[in-house]
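Notes follow once the structure below has been shown.
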């Protein structure tokens with residue numbers, strides 16, 4: 001921090017000296033600051049975007065600063081109210097409420113970002129970034145879920161196509177499961193682990209596919225302690241309890257089992273692509289999530305967004321708006337896809353023939369059309385309710401109905417506590 | 001300057017002492033005492049790291065004491081202490097006592113015992129975590145399975161998980177305790193043992209009448225030190241259960257992990273500060289009781 005301040009000071013001093021040397025002549029350049037948390041591919045992608053943006057806008061320079069993920073939020077919170085820090089900031093979609101309430105960000109100007117136009121251009125789940133009449137933040141890229149499958153294991157078991165619906169999912173998984181002489185699982189048909197992506201799969205996909213709606217009232221009321229919810233959790237629980245095609249936390253982590261070639265199928269996010277590509281000897285394919293009993297398709301999408309902070313004023317604000325415009329352009333989205341592997345947030349950039357027919361990105365991108373975004377109050381606590389639900393059934397023999405009811409109650413408590421403020 | 005010249009030598013010494021002390025004192029005030037005091041204040045407030053702090057009185061504490069998870073965590077924390085401290089002390093004493101008598105490759109064996117203490121807790125916890133896994137990867141279960149014995153659920157059982165995590169923590173701290181015990185043993189004058197031998201006293205009496213009483217300062221230090229360690233256990237638990245921190249069903253969650261979760265996942269800083277104050281109080285009380293009990297009467 002100290003070093004940074006020193007650097008800022010030196011930079012400021014140098015700029016001042018240069019401006020003076022240049023005399024009162026030409027217009028001085030505007031410098032805006034951009035902050036994000038550190039993740040190598042994201043920083044690389046942003047470097048490219050900044051380079052392109054600066055080439056197109058020679059009078060604006062963008063300075064990027066990044067921090068480790070754990071200290072990111074604290075730094076943002078401390079800097080902006082003090083008039084320091086970023087003009088454009090990256091945040092997780094789930095933090096929007098907190099940032100708006102703390103007055104850290106300001107709404108995007110309606111003349112450049114008219115809400116109707118955004119709703120027309122972006123994928124529907126981006127609506128979560130609208131509060132009242134204006135949008136407060138917009139993503140460059142989004143993530144969705146898909147079914148990864150092990151091509152070698154499919155071949156061995158004589159399976160030709162990945163499962164298209166939930167019944168096929170169970171049947172396919174049965175064929176892929178392997179056991180040793182003592183009945184111990186040595187390869188699972190499908191990985192499960194509520195702590196990985198499964199809680200998203202249940203919430204936004206399975207519950208909807210069994211005819212339910214996971215939450216009511218803008219995600220403020222839990223709505224899965226009912227027939228649809230019980231069917232969804234029942235289906236999930238049966239995978240292990242009845243069909244024996246999986247074991248929660250098999251090989252410690254679902255993605256580890258899949259990477260090791262000990263899992264036939266694995267549901268995960270598009271952010272896993274990079275990690276799987278670097279695994280030697282693993283042949284894998286991607287398919288859309290299996291459809292529900294009545295053909296319903298659904299998906300879960302999460303994303304990071306960029307917003308203009310309340311600190312940006314005057315010419316910095318104008319520059320920040322321009323930068324935001326670039327960050328939400330088709331060009332920026334394509335660069336982000338190629339560098340980070342995250343999917344474009346607009347159909348115009350995502351649904352190109354090349355992207356949609358891409359063997360890896362294609363299924364994820366198709367999922368975006370019908371994806372939903374959960375508005376979390378406290379994602380880790382809400383996830384915990386579901387983790388505990390399944391563990392009560394598995395480890396303590398609690399009845400499904402009872403466990404679902406208890407989880408719904410626990411999660412509702414988390415929501416109530418958050419929204420009472 | 002005249003004021004200084006008028007001081008006596010001893011007063012001047014005091015002035016200089018304080019000048020040299022000023023830096024550490026300042027350091028402690030800014031780095032330790034101010035944040036501690038701030039945490040106490042924060043425990044009566046509500047704050048999500050962004051925005052303003054808001055006074056809520058005793059609400060955080062009321063919420064804490066009526067939360068069943070807190071009591072579960074409270075119990076776990078004391079389980080770590082009550083199981084961990086005696087087991088690790090007895091083990092390390094036995095090892096040190098016998099190692100002290102070994103001449104053959106003494107240095108190498110001692111280094112081997114000390115090695116885990118120098119290893120990063122994170123790396124160690126992950127290795128143990130893999131040891132504990134069920135069949136295709138876990139060493140322990142593969143071993144059992146090769147003899148046709150049914151698998152043991154280590155980390156995925158509500159009853160076995162806490163002892164499993166604790167075993168790793170005890171093992172990690174053993175090296176340090178062995179070294180301290182050995183230093184204590186070496187400090188006992190040989191003449192006592194010689195006198196005992198001349199009197200023809202049994203080995204057991206030597207141990208209970210000479211060795212252990214004279215080791216008391218060492219034991220007091222280690223009891224207090226390791227108690228604080230077990231009450232603050234975090235690394236091992238967090239790394240062995242990262243997917244479901246403190247699980248399954250909160251059966252391994254210690255207080256520090258609860259604080260971490262409240263603060264940095266829930267962004268509920270006031271509530272986390274209240275938990276911290278409770279932890280602070282527990283540490284203080286336990287340490288004071290131990291010092292009182294083990295003090296020379």
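Residue check: is residue A:233 crowded, with 23+ Cβ neighbours inside 10 Å, in the same structural domain as residue A:402 (by TED's automatic domain parsing), touching a strand residue (DSSP E or B) at 6+ places or on another chain (Cβ under 8 Å) and over 20 Å from residue A:295 (Cβ atoms)? Steps first, answer last, please.
Numbers: crowded, with 23+ Cβ neighbours inside 10 Å: yes; in the same structural domain as residue A:402 (by TED's automatic domain parsing): yes; touching a strand residue (DSSP E or B) at 6+ places or on another chain (Cβ under 8 Å): no; over 20 Å from residue A:295 (Cβ atoms): yes.
Considered against the rule, which asks whether it is crowded, with 23+ Cβ neighbours inside 10 Å, in the same structural domain as residue A:402 (by TED's automatic domain parsing), touching a strand residue (DSSP E or B) at 6+ places or on another chain (Cβ under 8 Å) and over 20 Å from residue A:295 (Cβ atoms), residue A:233 comes out as no.
If we scan the stretch A:290-305, do we find a residue that is touching a helix residue (DSSP H, G or I) at 6+ places or on another chain (Cβ under 9 Å) and within 14 Å of another protein chain (Cβ to nearest Cβ)?
no
Conditions: (1) touching a helix residue (DSSP H, G or I) at 6+ places or on another chain (Cβ under 6 Å); (2) within 14 Å of chain A (Cβ to nearest Cβ); (3) buried (at least 18 other Cβ atoms within 10 Å of the Cβ). Residue B:275 meets all but one. Number of the miss?
Of everything listed in (1) touching a helix residue (DSSP H, G or I) at 6+ places or on another chain (Cβ under 6 Å); (2) within 14 Å of chain A (Cβ to nearest Cβ); (3) buried (at least 18 other Cβ atoms within 10 Å of the Cβ), residue B:275 misses just condition (2).
Go through A:176, A:190 for me and flag whichever is within 17 Å of residue A:292 (Cβ to Cβ), away from chain B (no Cβ under 14 Å) and either in contact (Cβ under 8 Å) with a residue 60 or more places away in the chain or surrounded by fewer than 19 Cβ atoms within 10 Å (Cβ to Cβ) (or both). I'd like the intermediate steps shown before the answer.
Values: A:176 fails: within 17 Å of residue A:292 (Cβ to Cβ).
That would be A:190, the only listed residue that is within 17 Å of residue A:292 (Cβ to Cβ), away from chain B (no Cβ under 14 Å) and either in contact (Cβ under 8 Å) with a residue 60 or more places away in the chain or surrounded by fewer than 19 Cβ atoms within 10 Å (Cβ to Cβ) (or both).
In this structure, is residue A:18 at pLDDT below 50 and assigned to a helix (DSSP H, G or I)? Working first, answer last.
Values: at pLDDT below 50: yes; assigned to a helix (DSSP H, G or I): yes.
Spelling it out, residue A:18 is indeed at pLDDT below 50 and assigned to a helix (DSSP H, G or I).
If I ask for residues that are away from chain A (no Cβ under 11 Å) and either more than 24 Å from residue B:252 (Cα to Cα) or touching a residue at least 60 places away in the same chain (Cβ under 8 Å) (or both), which ones from the stretch B:63-77 would you list?
Residues satisfying the conditions are B:64, B:70, B:72, B:73, B:74, B:76, B:77.
Sort out which residues of the stretch A:151-169 are in contact with a helix residue (DSSP H, G or I) (Cβ under 7 Å, 6 or more places away or on another chain) and touching a residue at least 24 places away in the same chain (Cβ under 8 Å), and write them in order of number.
First, the residues of the stretch A:151-169 that are in contact with a helix residue (DSSP H, G or I) (Cβ under 7 Å, 6 or more places away or on another chain): A:153, A:157, A:159, A:163, A:166.
Within the stretch A:151-169, A:153, A:157, A:163, A:166 meet the criteria.
When you scan the stretch A:340-378, how many residues do you find that are under 30 Å from residue A:417 (Cβ atoms) and surrounded by fewer than 17 Cβ atoms within 10 Å (Cβ to Cβ)? Can you show your working first?
So the first thing to find is which residues in the stretch A:340-378 are under 30 Å from residue A:417 (Cβ atoms), and the list is A:371-378.
Filter once more, keeping what is surrounded by fewer than 17 Cβ atoms within 10 Å (Cβ to Cβ): A:375.
Final tally of qualifying residues: 1.
Looking at B:280, B:221, B:264, which one is surrounded by fewer than 19 Cβ atoms within 10 Å (Cβ to Cβ), more than 21 Å from residue B:168 (Cβ to Cβ) and within 14 Å of chain A (Cβ to nearest Cβ)? Full working, then the answer.
Numbers: B:280 fails: within 14 Å of chain A (Cβ to nearest Cβ); B:221 fails: within 14 Å of chain A (Cβ to nearest Cβ).
Of B:280, B:221, B:264, the one residue that is surrounded by fewer than 19 Cβ atoms within 10 Å (Cβ to Cβ), more than 21 Å from residue B:168 (Cβ to Cβ) and within 14 Å of chain A (Cβ to nearest Cβ) is B:264.
How many residues, within the stretch B:88-110, are at pLDDT below 90 and in a helix (DSSP H, G or I)?
Filtering the stretch B:88-110 down to residues at pLDDT below 90 leaves B:100-107, B:109-110.
Now drop any that are not in a helix (DSSP H, G or I), which leaves B:100-101, B:106-107, B:109-110.
Qualifying residue count, the stretch B:88-110: 6.
If we keep just the residues of the stretch A:241-258 that are within 12 Å of chain B (Cβ to nearest Cβ) and part of a helix (DSSP H, G or I), which is surrounded by the most Cβ atoms within 10 Å (Cβ to Cβ)?
First pass over the stretch A:241-258, keeping only residues within 12 Å of chain B (Cβ to nearest Cβ): A:247-257.
Applying the additional criterion that residues be part of a helix (DSSP H, G or I) yields A:254-257.
Values: A:254: 28, A:255: 20, A:256: 18, A:257: 26.
So, considering only residues that are within 12 Å of chain B (Cβ to nearest Cβ) and part of a helix (DSSP H, G or I), the one surrounded by the most Cβ atoms within 10 Å (Cβ to Cβ) is A:254.
For the subset of the stretch B:137-160 comprising residues that are crowded, with 20+ Cβ neighbours inside 10 Å and facing chain A (nearest Cβ under 10 Å), which member is farthest from the chain's Cα centre (by Cα)?
The initial filter retains those residues of the stretch B:137-160 that are crowded, with 20+ Cβ neighbours inside 10 Å, namely B:138, B:141, B:154-156.
Filter once more, keeping what is facing chain A (nearest Cβ under 10 Å): B:138, B:141, B:155-156.
Values: B:138: 27, B:141: 29, B:155: 21, B:156: 24 Å.
So the residue we want is B:141.
Could you tell me whether residue A:150 is farther than 30 Å from residue A:324 by Cβ and either surrounded by fewer than 21 Cβ atoms within 10 Å (Cβ to Cβ) or within 14 Å of chain B (Cβ to nearest Cβ) (or both)? If you could, list the steps in order and put the result at the bottom.
Working: farther than 30 Å from residue A:324 by Cβ: yes; either surrounded by fewer than 21 Cβ atoms within 10 Å (Cβ to Cβ) or within 14 Å of chain B (Cβ to nearest Cβ) (or both): no.
No.
Test residue A:385 against the criterion of being away from chain B (no Cβ under 13 Å) and without any contact (Cβ under 8 Å) to a residue 60 or more places away in the chain, and give yes or no.
On the way: away from chain B (no Cβ under 13 Å): no; without any contact (Cβ under 8 Å) to a residue 60 or more places away in the chain: yes.
Considered against the rule, which asks whether it is away from chain B (no Cβ under 13 Å) and without any contact (Cβ under 8 Å) to a residue 60 or more places away in the chain, residue A:385 comes out as no.
Can you report the number of residues in the stretch A:77-130 which are on the phi > 0 side of the Ramachandran plot and at the interface with another protein chain (Cβ under 10 Å from one of its Cβ atoms)? Even if it seems obvious, please write down each step before you answer.
Residues of the stretch A:77-130 that are on the phi > 0 side of the Ramachandran plot, as a first pass: A:83, A:85, A:103.
Right, trim to at the interface with another protein chain (Cβ under 10 Å from one of its Cβ atoms) and you get A:103.
Residues meeting the conditions: 1.
The values are calculated or read from the model by the stated rules, or taken from the named source; none is laboratory data. Keep in mind that this is a model prediction, so the values were computed, not measured. Positions of Cβ are generated from backbone atoms using ideal geometry, with glycine treated the same way; all protein chains shown enter the neighbour counts.
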